[in-house]
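Input: a single structure, listed below in structure tokens.
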Amino acid sequence: MKRLNEIAAMEPEMRALLSQMARYVVTGLVVTALQALVYWVLATPVALHPQIANAIAYLFAVALGFILHSAFTFRGHGNGDKPVQRGGRFVLVSLVSLGINAFWVQIFVIWLRWPTWVPVPFMLFVTPFAVFALNRKWVFR
């Protein structure tokens, strides 16, 4: 009950931010988990080169992520006009995400020759938080 009173006493902007962050975590984990699954399936059982598997998984995730983040995570946030511009910005931010995930794959799988599953925790728990601020402040402003 004390927590509910604390939340109710917060400034509306802070409550909106916390709500948005919670939606981002849920949506981001779903999208990222599916991306990681696509990567692992293509890199391991299918035996594609890990970077090719990562790129294909990225394309899947960027399409799904834009749809879900637009409809759920950042709904009602910022100016909803100019969807083409917003989509272009989303793709640019997602390229940052792709670069970070490619970095994990390069280090752990290519250079260190560790199993293909090793980058997955980094894809799930580091990369999404690295791009939240860009999405909130630049894409869905």
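The values are calculated or read from the model by the stated rules, or taken from the named source; none is laboratory data. Note that the coordinates shown come from a computational prediction; the quantities given were computed from them, not determined experimentally. The accessibility values were calculated without ligands, DNA or RNA, using every heavy atom of the protein model including side chains. Shrake-Rupley method; radii C 1.70, N 1.55, O 1.52, S 1.80 Å.
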| request: Keeping the other protein chains in place, figure out the carbon and sulfur percent of the accessible area of the chain, with a 1.4 Å probe. | output: 74 percent
| remark: So, relative contact order of the chain in percent, Cα under 8 Å, 6 or more apart, is 28 percent
| task | Write down the Å³ per residue value for the convex hull defined by the alpha carbon atoms of segment 39-141. | result | 87 Å³
| message | Please compute the per residue accessible area over the chain with all protein chains in place, 1.4 Å probe, rounded to a whole number of Å². | response | 58 Å²
